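The values are calculated or read from the model by the stated rules, or taken from the named source; none is laboratory data. Quick caveat, the model's predicted, so the values are computed rather than measured. All Cβ positions, even for glycine, are placed from backbone atoms using ideal geometry, and neighbour counts span all protein chains on display.
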């Protein structure tokens, strides 16, 4: 498979792609000095969050191993609370961003994202979109059943069948702070777990997206911030099947 994007976000491909990258011999990428790259994860094992294909990355995620191999700096934000809830990310990011030292900030999922090319390429793509934050996209429509009016709006600007994916995004730090601040209005410590998520959506919660997954909340606030907040519908930044 010919992948031209600098990032892969696909749990079925990242392990093989990382092994192939290592087979080509030692390689180091250069990280832009004005870019912070971060991930959010639970402390301890990730075994309940990864598929069997990713065996070997239960304790140290594949993103952490990949960036260490490539000589890239990764800020790893950890939370000890279990069961894990994806909205914990908002709390961690909200705290970290208060003192983030760089002009640009990027957040990546830990369990199924790797770099295969230079981060500067992501910076260049982001700047070509003329926005303050850029998210990759996916075919998944999770959450839109609870906000049909949002989906209706999105379908006036998107490429058919492509929607915001929060596993990879980059932005101006000042704006990401603002965006996370808005998302915090809907993040509650007792929010839905991944195991509960399908039943949660089927229940059509009246206060949705309060307490939902982080991606749902980003999708909900997208209209408020557009066009400062945009989606890379062609996935120029990150590959995903």
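Taking the conditions exactly as written (modelled with pLDDT of 95 or more and closer than 23 Å to residue 40 by Cα), does residue 182 satisfy them or not?
Here the answer is yes, as residue 182 does meet what is asked.
Output the residue which, of all residues in region 157-175 that are farther than 17 Å from residue 221 by Cβ and free of Cβ contacts under 8 Å to residues at least 60 places away in the same chain, is nearest to the chain's Cα centre (by Cα).
In this case the residue turns out to be 161.
Against the condition in contact with a strand residue (DSSP E or B) (Cβ under 9 Å, 6 or more places away or on another chain) and crowded, with 19+ Cβ neighbours inside 10 Å, how does residue 7 come out, does it pass?
For residue 7, the condition - in contact with a strand residue (DSSP E or B) (Cβ under 9 Å, 6 or more places away or on another chain) and crowded, with 19+ Cβ neighbours inside 10 Å - is met.
For region 191-221, give me each residue that is out of contact with any helix residue (DSSP H, G or I) (no Cβ under 7 Å at 6 or more places or on another chain), assigned to a helix (DSSP H, G or I) and either under 19 Å from residue 179 (Cβ atoms) or without any contact (Cβ under 8 Å) to a residue 12 or more places away in the chain (or both).
Listed by number, the residues that qualify are 198, 199, 202, 215, 216.
Could you check how many residues of region 32-53 are in contact with a helix residue (DSSP H, G or I) (Cβ under 8 Å, 6 or more places away or on another chain), part of a loop (DSSP other than H, G, I, E, B) and crowded, with 19+ Cβ neighbours inside 10 Å?
0
Which condition breaks for residue 75 when tested against (1) in contact with a strand residue (DSSP E or B) (Cβ under 7 Å, 6 or more places away or on another chain); (2) surrounded by fewer than 19 Cβ atoms within 10 Å (Cβ to Cβ); (3) closer than 20 Å to residue 194 by Cα?
Unmet condition: (3).
If residue 65 satisfies every condition in (1) over 25 Å from residue 216 (Cα atoms); (2) part of a loop (DSSP other than H, G, I, E, B); (3) modelled with pLDDT of 95 or more but one, which is the exception?
Evaluating residue 65 over (1) over 25 Å from residue 216 (Cα atoms); (2) part of a loop (DSSP other than H, G, I, E, B); (3) modelled with pLDDT of 95 or more leaves (2) as the failure.
In the set 130, 99, which member is surrounded by fewer than 24 Cβ atoms within 10 Å (Cβ to Cβ), on the phi > 0 side of the Ramachandran plot and out of contact with any strand residue (DSSP E or B) (no Cβ under 8 Å at 6 or more places or on another chain)?
Just one listed residue meets the conditions, 130.
Given the criterion surrounded by 17 or more Cβ atoms within 10 Å (Cβ to Cβ) and farther than 22 Å from residue 129 by Cβ, identify the matching residue among 189, 205, 209.
The conditions single out 209.
State the number of residues belonging to region 80-114 that are free of Cβ contacts under 8 Å to residues at least 40 places away in the same chain and closer than 20 Å to residue 197 by Cα.
0
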